[in-house]
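Below: one structure, written as structure tokens.
The values are calculated or read from the model by the stated rules, or taken from the named source; none is laboratory data. Only a predicted model underlies this, so the values are computations on that prediction, with no experimental measurement involved. These area figures cover heavy atoms from the full protein model, side chains too; ligands, DNA and RNA do not enter into them. Shrake-Rupley method; radii C 1.70, N 1.55, O 1.52, S 1.80 Å.
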Amino acid sequence: MIHRIIDNARCAPSVGNRQGLRIINITDPALKDRLSDVCLSADTRYLLEIQAGQRPLNSIHASIVSDEQ
């Protein structure tokens, strides 16, 4: 099952097909919690930009989503 998950991730499209892929297996629950906290702001911005009709995390066109949002 892990092989299938990794293979699906490897073949899935990325944002604009611009970045490479790295898979890291994290087994420590405390580290998983800390990482989820770190990722929350980027995940939130990504979803807000999609809702605003933008291409998420675009490095060329400025986002209309504010930091406060």
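Let me have the 222 nm mean residue ellipticity of the chain computed from DSSP H runs of 4+ only, each contributing -39500 (n - 2.57), with the sum over all residues rounded to the nearest 500. Walk me through the numbers on the way to the answer.
Values: 2 runs with 33 residues, N = 69.
Theoretical 222 nm ellipticity from helices: -16000 deg cm²/dmol.
For SER59 and ILE26 in one chain, what is 0.36 nm times their gap in residues minus the Cα-Cα distance, to one decimal in nm?
Here the segment from SER59 to ILE26 would lengthen by 9.0 nm.
Got a number for carbon plus sulfur as a percent of the chain's accessible area, 1.4 Å probe? Present the calculation step by step, with values, prior to reporting the outcome.
Values: 3530 of 6310 Å².
Solvent-exposed carbon and sulfur of the chain make up 56 percent of the total.
Taking every Cα atom in the chain, find the radius of gyration and the maximum pairwise distance Dmax, and write them in Å.
Taking only Cα atoms of the chain, I get Rg and Dmax of 14.8, 40 Å.
Kindly express, to the nearest 10 degrees and within the range 0 to 90, the angle between helix 2-11's C-alpha long axis and the longest C-alpha principal axis of the chain.
30 degrees
Which values, in whole Å and largest first, are the semi-axes of the equivalent ellipsoid of region 29-69 obtained as the square root of 5 times each eigenvalue of the Cα gyration tensor? Walk me through the intermediate numbers first.
Values: eigenvalues 117, 18, 14 Å².
Semi-axes (√(5λ), whole Å): 24, 9, 8.
Counting only heavy atoms of protein chains, what accessible area per residue, in Å², does region 1-63 have with a probe of 1.4 Å?
Values: 5710 Å² over 63 residues.
Counting only protein heavy atoms, the per-residue value for region 1-63 is 91 Å².
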